[in-house]
Each structure stands twice: as C-alpha cells, then as structure tokens.
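Visitor: First the structure, which I've put down as structure tokens, then a few questions once you've had a look.
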Number of protein chains: 2
Amino acid sequence: MDQRIELRHLRYFLAVAEELHFGRAAQRLNIAQPALSQQIRQLEKIVGVELFRRTSRSVRLTDAGATFRPRARDLLGRLAADLDEAGRVGRGEAGRLDVAFITSATTIVSERLRAFSRRRPDVQIKLHDGFTVDVLAALERGTADVGIVRDAEERDGIDLSPLRTERFVAVVPAEHPAARGQRVEAATLAADPLILFPRTAGPQAFDVNTQPLRDAGIDVQVAQECSNWHTIVMFVASGLGVTIAPYSVTTLLPAGARRLELDGPPAVSRILMATRRGDNRPLVQAFTAASEPVTDRGHHWDNSQGRPS
Amino acid sequence: MDQRIELRHLRYFLAVAEELHFGRAAQRLNIAQPALSQQIRQLEKIVGVELFRRTSRSVRLTDAGATFRPRARDLLGRLAADLDEAGRVGRGEAGRLDVAFITSATTIVSERLRAFSRRRPDVQIKLHDGFTVDVLAALERGTADVGIVRDAEERDGIDLSPLRTERFVAVVPAEHPAARGQRVEAATLAADPLILFPRTAGPQAFDVNTQPLRDAGIDVQVAQECSNWHTIVMFVASGLGVTIAPYSVTTLLPAGARRLELDGPPAVSRILMATRRGDNRPLVQAFTAASEPVTDRGHHWDNSQGRPS
DNA sequence: TGTATCGATAAGTTTGAACTATGGATCAGC
DNA sequence: GCTGATCCATAGTTCAAACTTATCGATACA
C-alpha cells in the first residue's frame, strides 16, 4: 500500500549514501543488512525513482539520490535545531517576552532588563509602554506577558507583587516661595493649582498620589490634567502650578522646576509586577523571580543623583 | 529508553495543534484517541518539554509548542517538495545536464537546446564549448553528460550517434581568381596556402576535412595552423590562404572571404552526439532521444542565409 | 446532582521493522 | 575456468511498539 515516509528512511538513506555500502551502513546503524535494504527499497518506492544504482559489487548514487542527499541532510539538521529550540523555549531559555510598563518606571524596567537579558541572551524582549490601565489591559488581552504598574488595585485574573516603593516629593516652580528651602509641608501647597494625571487614568494610583495632600486636610482639586509625568513636570517648570510625584519621575527635572521633600506622614508609591493569574510559563516565572522587592530606593539617590544643573 | 523522533510525531503534533482537540485530531488521522495521546506524550518526552497544556476540558499550545508548530509545518512541506524534486530528477524532468560541444556546432546545439528546454523547463543546462578532443575528455572524466563532436573516431567507453551531416565547401579570399565563380574544383586550390586546424586537435576530423583535397590528388600541407574556425576564416579573408570547411562554419563570412561549392566526389562532415557508454540516465536519454539524424542541412541554407553584406 | 465531554490509563492485538538463513551475481586468485 | 570471497536481494520468522477497545477521573453544564 501507500507507505508513509518516516525519518528512519532519511537516516538510513544518508548512511548508505555516505558509506556506499549496505553492509557497512547497516553496521553503523546497528541493524542487519537486509533490514536496511528493505527500508531503502521502501523509500525508493515512496519517491518513485531509484536513489541508488547497485550491482552486486558496487553502490552508486543516482542523479535523484545525489539531489536528495543534501536535502535530507539539511532536513535532519533543521529538525534537530527546531527540537532544540522548542526545548529551550519550554525551559524558558529562549523565546519572546512581551513586557508592558508604565513610562514612569522606565528606570526600573531597564535595570531589570539588563540583568535579565544577560542571563537569557536568547530571549527576545518586546517592550510596550503606557499608563497603568493600558498595561493591565495588555496583560488581560494577552498582548503582554508581564506588566509593571504603579499603585494598581487588585483585580481578578491578575497577580500583583510589590517590586519596590518610592516616597512622594513635591515639585514646584523655581519662583515658588517654598522653592528657597529643601522641604515643604503639604498644607503650604493648598493654594497652588495642582497639576496631575486624570483620576480615570488610574484611580488607585491617583488616590495614593494625592494622599499627602489629603493628609494635610486639603480638598484635592486638579487644576490642570496631563496624561504623563513628563508633561506635568514641564508645566510645573512653566509656573502653571505644583505637583506631587513619585521620587523617580523627578530625577531629571527641567530648569525652572524644583524638587522638595514632603513633611508629614510618609506616603509611598508602590511599583508592582503584574502577571496573569496561573501563568506559570517558565519565561514569565524567570522574569518575575528576578524581582525582589526593594524598599524606597529613592533614598539612595538623594545625594548621588540630584536634579540637572 | 531514548526514543527517536519520527515524522509521525510531527504529523500527529500538527493535527492536534490545529484541532486543539485530541478526539477530533485522532479522527482526522484515522487512529484512535489513546494512540494519539501516547504519541504526543512520546514526542514531549523527546523534546523534553510540554507542547500542549491540557485540562480535561481544553487543549492549548504551550510557548514551546507554539514555537515548534510552524517549524514542523515547514519541515513537512520541505520534505514533500524535496521528495517531489528527487522524483522529477529521477524521471529526467528536472536536474542539471552538462553539455559539451564543439564551437563549430553552436548553431545545432542552440537549436536543440531551445527545443529541449521548452519541453523540460526545470532542467538546468550547463554549456561547455571546446574542441572535439576536449569534449570527449570532458565526457570521459564526467565533467560533461553529453557531447557534440565532429568526425570523431569510435573509442572505448563512448557511444557516438550521428546527428547530421554537412558538405564541405571551399573558402577563398575575395581576390582569389576562383572567387569570381560559384564553384571550384579542389585541384584548383593546389597552389594556395592551406589554413586549417592542427591535425593533433582531431586526427579523424582533420582527415575527413582534407579528403576533398586528397581526392583531387593534392598532397595536403597545412601552411598556417589555427585552432578554431573563426580565426581560420578571418585569415582567409586577410588573403593569407584558403581553407576547406564544413558548410555551417561559413554561414557568416567576414567581408573579404568567399564561399565556393566544391566540385568532385561529395565529402561530408558528420556531427555526432557522444555519451558515456551505459549512461542511461533519463536526462541523458531524453536529450539524445530528441536527436534524429538530419542529412546535409547545409543545402537548406544555401539561399536563405547568404554571407553578410 | 446527574449527564456529557474529554484526555489519561490499562490491557490486549496487530502491524511491520528487524532478525537469521540463504540465494545469486560479480570479482580475484590459483 | 574453477573456487572462494564479497555483497546485495530474498524468504521466513520474531518481537517491539503502535494501535485497538474498554474504562477511569476530572470538568463543565443543565
């Protein structure tokens, strides 16, 4: 009947093509010579043409055989490589990881990525930046494998684990009366227009971010909404108002903006690693495993990294 | 033990990857479901990682499986194509044919090639031109598969079959006394210096070529040896002497040379197809089979193709 | 809670790849 | 020109493993 070709046929064919001797080829394959003859004959039947021209004294490749030899060789090589790759992907040593993150955590992400891709050079990383809501949405719809968000609330189907915390600081225009000092009490800022992201962009993050103001008894009213921290800080530098920001977004301030430590009850922003619940793929686990929570890294930067001159 | 991978594994894997359902995949493969489960498990053991994540309700590809799927698909496609190509090569429908030929038979070769490659578009033809001795040598050492030679003698290991015959004509300078007529008797040329290829380039061909002169009782002495017809004819045009040539090399004569029909006993040059004895490869047979002997095609060209103006 | 669906497991069956023994053809050497 | 050696093909047998049927356990749905 119509027999299906198997890799065995290719392996046997290559052995005979190399040895040009059924006996020796069979020996190399650890089978008996008749079995080899049978399989080669079977292969020839499948292909429909002779691959070897044999006399009782010699074995030669036909044109068809000579054409097929390098292809068969290549095929087996490819397969071995593909199996190996699949294995490495399965073990998390290779593959692709889609990382979504909030723009204000770029520093953290780049640190982590540098370390991660040194340990897993064959993992291709695709980055997607956005707001916390976007990051979580990407995670839920499967566009991203891991997410890095700020002050997100628990939600179904998403696991959150703390990455690090940062204290909040105030950012004011250089002409602001408080800008002459190093510190400020939140209550002092009551009269200033507040520039911040819209609450809809991240209700939880918004509430945490404005906690210092509420602690000071201020009724929080956003005078100017901006969607990302870079713009917010630029507006502050332009004298349009003040803001309260996680420390790390103030490491590089434009001329005209000043960072001030906040007096009062300590308030922290929490940066979180987000994954789909039950997603235990090795690559995801490897990425999250590398993440140990660090408390308030902001403190370390106080003297080593000031605002730009 | 360490089981070897077979194409069956790939075929089964692809079926499950496509259906994402062991029952339906098994049905499509015309096997029972447990057999499929077993083989997939075996494949996973070979690769070393899970390819599917199954619950009792659903089947999903793992990252490793998703990586492997297109590769497996590609591999099977390639193999099918390679088998097909080998088959076509075996049947002489594809492959490569090395054709060696004498320069003075270019016209014949190009005619034949045009017809041949129209019928076998997938056959790649490699051309090698040279003298009869070179063509035969290429054939013997395996550099060429078929050869086209002129007036060669039988030799061991080479089969010769007649392709066509051509009459000989005389070529003389335009200032030659005989150039005023259309015909000449060989004896008339006795006093003119003879320009011809060296006898060593092809003893048999040389003897046939000079037969008209010997028939006329002339003692053949080559005054000027040239290795190819083009040069010989150019020398004739320069007035250095005369020559006797097969008709087809005179279809395009330089200004200053004139073709004259030879009176006397008809002498013909035979163009032969040469192959290695016992070389019954389909491509060689297809090429030679297309060759039916044609007698003295030269006649047809008499009026349709004159010398260039 | 019962029922249907689906993959895994267990045990028996069959297919076919490989084995041993032998035949037939070719080549070398006496 | 016969003899022995070499080598691939053939014949018949064996055994591993792919496949079968029967069944289980888990999950989803009504």
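Visitor: What list of whole percents do you get for P(r) of region B:92-199, with Cα-Cα distances grouped in 5 Å bins up to the one holding the largest distance?
Guide: Percent of Cα pairs in each bin: 2, 9, 17, 17, 14, 12, 10, 8, 6, 3, 1, 0.
Visitor: Sticking with this structure for a sec: Using the count of nearby Cβ atoms within 10 Å as a rough guide to exposure, how do A:M273, B:M234 rank from fewest to most?
Guide: Details: A:M273 22, B:M234 17.
So the residues, fewest neighbours to most, are B:M234, A:M273.
Visitor: How many angstrom lie between the Cα centre of region B:5-41 and the Cα centre of region B:100-139?
Guide: 52
Visitor: If you take every DSSP beta bridge fully contained in chain A, what fraction is antiparallel? Give it as a percent rounded to 5.
Guide: Details: 27 of 47 bridges.
Here the share of antiparallel DSSP bridges comes out near 55 percent.
Visitor: Go through region B:61-66 residue by residue and turn each phi into a ³J(HN,Hα) via Karplus (6.51, -1.76, 1.60, θ = phi - 60°); whole Hz please, and just put x for glycine and proline.
Guide: Couplings: 6, 7, 4, 4, x, 5 Hz.
Visitor: What FRET efficiency would be calculated for the residue pair B:S110, B:D215, taking the C-beta separation as r and a Förster radius of 22 Å, to the nearest 0.05?
Guide: With a Förster radius of 22 Å, E is 0.10.
Visitor: On to the next question. Given a Förster distance of 60 angstrom, what is the FRET efficiency for A:S58 paired with B:A35, based on the Cβ-Cβ distance and rounded to 0.05?
Guide: Details: r = 43 Å, r/R0 = 0.71.
Computed FRET efficiency for A:S58 and B:A35: 0.90.
Visitor: Still on this structure, I have one more. Across peptide A:48-54, how many C-beta atoms of other chains are within 10 Å of each residue C-beta, on average?
Guide: On the way: counts 7, 9, 1, 2, 0, 2, 0.
Mean shielding by partner chains, rounded to a whole number: 3.
Visitor: Express as a percent, rounded to the nearest 5, the fraction of DSSP beta bridges in region A:166-268 (both residues included) that run antiparallel.
Guide: On the way: 10 of 17 bridges.
Around 60 percent of the beta bridges assigned by DSSP in region A:166-268 are antiparallel ones.
Visitor: Please arrange A:R57, A:R11 by how many other C-beta atoms lie within 10 Å of their C-beta, fewest to most. List each step's numbers first, then the result.
Guide: Working: A:R57 5, A:R11 15.
Starting with the residue having the fewest Cβ neighbours, the order is A:R57, A:R11.
Visitor: Take the Cα pairs of region A:36-174, get the Kirkwood Rh, then feed it into Stokes-Einstein at 25 °C and 0.890 mPa s and tell me D in µm²/s. Provide the component values of the computation, followed by the final result.
Guide: Values: Rh = 20.3 Å.
Reported coefficient: 121 µm²/s.
Visitor: When the helix-only estimate is applied to chain A (DSSP H runs of n ≥ 4, each -39,500 (n - 2.57), divided by the residue count), what is the mean residue ellipticity at 222 nm, nearest 500 deg cm²/dmol?
Guide: Numbers: 10 runs with 125 residues, N = 309.
Per the formula, -12500 deg cm²/dmol.
Visitor: Thinking of chain A as a set of Cα atoms, what percent of all their pairs are more than 34 Å apart? Don't jump to the answer; show the numbers that get you there.
Guide: Working: 22733 of 47586 pairs.
Everything past 34 Å amounts to 48 percent.
Visitor: Using +1 on the beta carbon of Lys and Arg, -1 on that of Asp and Glu, and nothing else charged, what's the dipole of region A:166-268 about the Cα centre, debye to 20?
Guide: Details: 7 positive and 10 negative charges, 42 e Å.
Around 200 debye, computed over region A:166-268.
Visitor: Something else now. Can you give the relative contact order of region A:234-292 as a percent, counting alpha carbon pairs under 8 Å and 6+ residues apart? Don't skip to the answer; put the middle values down first.
Guide: Values: 20 pairs, mean separation 16.5, N = 59.
In percent, rounded to a whole number, it is 28.
Visitor: Taking N as the number of residues in the protein assembly as shown, what is its alpha-carbon radius of gyration divided by 2.2 N^0.38 Å?
Guide: Details: Rg = 43.1 Å, N = 618, 2.2 N^0.38 = 25.3 Å.
Rg over 2.2 N^0.38 Å, computed on Cα atoms: 1.70.
Visitor: Remind me, relative contact order of region A:7-90 in percent, using alpha carbon pairs under 8 angstrom and six or more residues apart?
Guide: 26
Visitor: So who's got an amide H within less than 5 Å of the one on A:E185, skipping anything under 5 residues away but keeping other chains? H placed 1.01 Å off N, in plane.
Guide: A:D263
Visitor: Which three numbers, in whole Å and largest first, are the semi-axes of the equivalent ellipsoid of region B:179-221 derived from its Cα gyration tensor as √(5λ)?
Guide: Numbers: eigenvalues 84, 23, 19 Å².
Gyration-tensor ellipsoid for region B:179-221: 20, 11, 10 Å.
Visitor: Along region B:214-226, what does the Karplus equation 6.51 cos²θ - 1.76 cosθ + 1.60 (θ = phi - 60°) give for ³J(HN,Hα), rounded to whole Hz, x for Gly and Pro?
Guide: 5, 4, 7, x, 8, 7, 5, 10, 7, 7, 9, 9, 9
Visitor: Which of B:A32, B:A205, B:A105 ends up with the largest GNM mean-square fluctuation for chain B, with Cα atoms connected below 10 Å?
Guide: In the Gaussian network model the winner is B:A32.
Visitor: Could I ask something else about it? Using amide H atoms built in the peptide plane, which far-off residues or other-chain residues are under 5 Å from A:L61 H to H?
Guide: Sorted by chain and number, the residues that satisfy this are A:R53.
Visitor: A further question follows. Can you give the FRET efficiency for A:R96 and A:K45, using 1/(1 + (r/R0)^6), R0 = 45 Å, r = Cβ-Cβ distance, to the nearest 0.05? Each step should come with its number before you reach the end.
Guide: Values: r = 43 Å, r/R0 = 0.95.
That pair, A:R96 with A:K45, gives E of 0.60.
Visitor: Additional query: Treating only the Cβ atoms of Lys and Arg (+1) and Asp and Glu (-1) as charged, compute the dipole magnitude of chain A about its Cα centre; round to the nearest 20 debye.
Guide: Details: 41 positive and 38 negative charges, 454 e Å.
Charge dipole of chain A: 2180 debye, to the nearest 20.
Any read-out appearing in this document is the output of simple, stated calculations on the displayed coordinates, not a laboratory observation. Owing to the predicted nature of the structure, the values given are computational and were not obtained by experimental measurement. For neighbour counting, all protein chains shown are included, and Cβ atoms are generated from backbone atoms with ideal geometry for every residue, glycine included.
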